[in-house]
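So the structure is just underneath, and the comments pick up after that.
Read the figures in this text as sums done on the coordinates, not as results from a lab. All of these numbers come straight from a predicted model, not from anything done at the bench. As a convention, Cβ positions derive from the backbone with ideal geometry for all residues, glycine included, and neighbour counts pool all protein chains shown.
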Amino acid sequence: MAGTDVKRVIEAVWRIEAARLIAGLARMTHDVGLAEELAQDALVAALEQWPESGVPDNPGAWLMAISKRRAIDHFRRRERFDRKVEELGRDLETEHTPDFEAAVEDIGDDMLRLVFTACHPALSMEARVALTLKVLGGLTTGEIARAYLVSEATVAQRIVRAKRTLAEKRVPFEVPSGAELPARLASVLEVIYLIFNEGYTATAGDDWMRPALCEDALRLGRIVAELTPREPEVHGLVALMEIQASRSAARVGPDGEPVLLLEQDRARWDRLLIHRGLAALERAEKLGGARGPYTLQAAIAAVHARARAAEETDFARMASLYEQLAVIAPSPVVELNRAVAVAMAYGPEQGLKLVDELAAEPALREYHLLPSVRGDLLAKLGRNDEAVTEFRKAAGLTRNARERELLLRRVRVL
């Protein structure tokens, strides 16, 4: 195999195995930072050796064996060799082709521990996102920096700070139990959905979407769903992301311009993702109990997904679902979305009344979608001059170049 082919194989293996490798090592060492360093050492060894020796039959086992040997060396230097060797496996040094299942026992538990550790509340949200994308998403520091339009140095500092915080606070590498579990799980889901949303509608820059981030979030969500099959909100989040991701191809025009939901060519929606999303929503609802915010948002997305054409959308049901969402997760943004659904179901006058009630909300003062929605409703009522003012205001607030152009186009049309 040519050198470039081997390198591509190594990159593919790393994408698949990195999170599981780091998870297994973190369980053994109780240190996420050290686990990542050991895994990186194994990657370097693969880059050095595989072009000469060939790709091993079980590359994951090979990487784990190298990592564990490096871990033994590390703890030998720290004069804790005997105790750590017992934890890592006394037969390792004589075992040249270890069985992968034996090397990475309890892999599901390890992955879940890593998810909860990377999303620990002791870290800032920016640090949680960066660390999660690094150790679970397999992204490089440069890829994370490009996705969030910040410098590599900033991302690197966030990751270093996150690892230091976890070490200094002696955050246990474990899945929380009892009353702590729901709160910590909520943090995990929040991080994953934050990553997805940044990919689905970029907050700044020249691109309307960053599909790679959506894919990373979906992969993380599916992993957590497999590891926590009895948690309805996990399936609700996966359902929401699957259904929203199904529209990706239709959300961008030929020149990269945004295409709004009701104007999209629904033939371009991904039916497989819709099917997966509706199945995940069904799983969430079958688990029983009151529907949580992610499950309700997935149910709202499903209303769009089930409509063959925009005019067939059941906006009355959507308005009802938003009303339920406002009860369990009250926020001005939810109320703004409810106003849009009410306008579609019962007329722009009804929607505009609700929007105007939100005008004084401090949380929406710099939120560009408030004047954008208001402008749209005013335009439907024939109040074009007022609509132009609102669209210009929205264009001045958004940091996304594509969205700004869309708003200014509305101004030109009016």
Item to check | Over the chain: helical MRE at 222 nm, DSSP H runs n ≥ 4 each giving -39500 (n - 2.57), nearest 500 | outcome: -22500 deg cm²/dmol
Item to check | Ascending count of other beta-carbon atoms within 10 Å, so fewest first, for D265, D41 | outcome: D265, D41
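May I ask for the longest run of the chain untouched by trypsin sites (Lys or Arg not before Pro) that are loop-located per DSSP and have at most 12 neighbouring C-beta atoms (other than their own) within 10 Å?
No qualifying site falls inside 91-168, the longest such stretch.
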Checklist outcome for this item: Expressed in nanometres to one decimal, the distance between label points 7 Å along Cα→Cβ at D314 and Q350 is 1.6 nm
Item to check | Cα-based reach from K380 at 19 Å (exclusive), listing lysines while leaving out same-chain residues under 8 positions away | outcome: K353, K393
Next on the checklist: Tell me the relative contact order for the chain as a rounded percent, counting alpha carbon contacts under 8 Å between residues six or more apart.
Outcome noted: 10 percent
Checklist outcome for this item: A student applying the Cα gyration tensor rule (rounded when a/c is under 1.5; otherwise prolate if a/b is larger than b/c, oblate if not) would label the range 177-288 oblate
Checklist entry - Shape of the range 1-61 from its Cα gyration tensor (a ≥ b ≥ c, root eigenvalues): rounded if a/c is under 1.5, otherwise prolate when a/b > b/c, or oblate? => result prolate
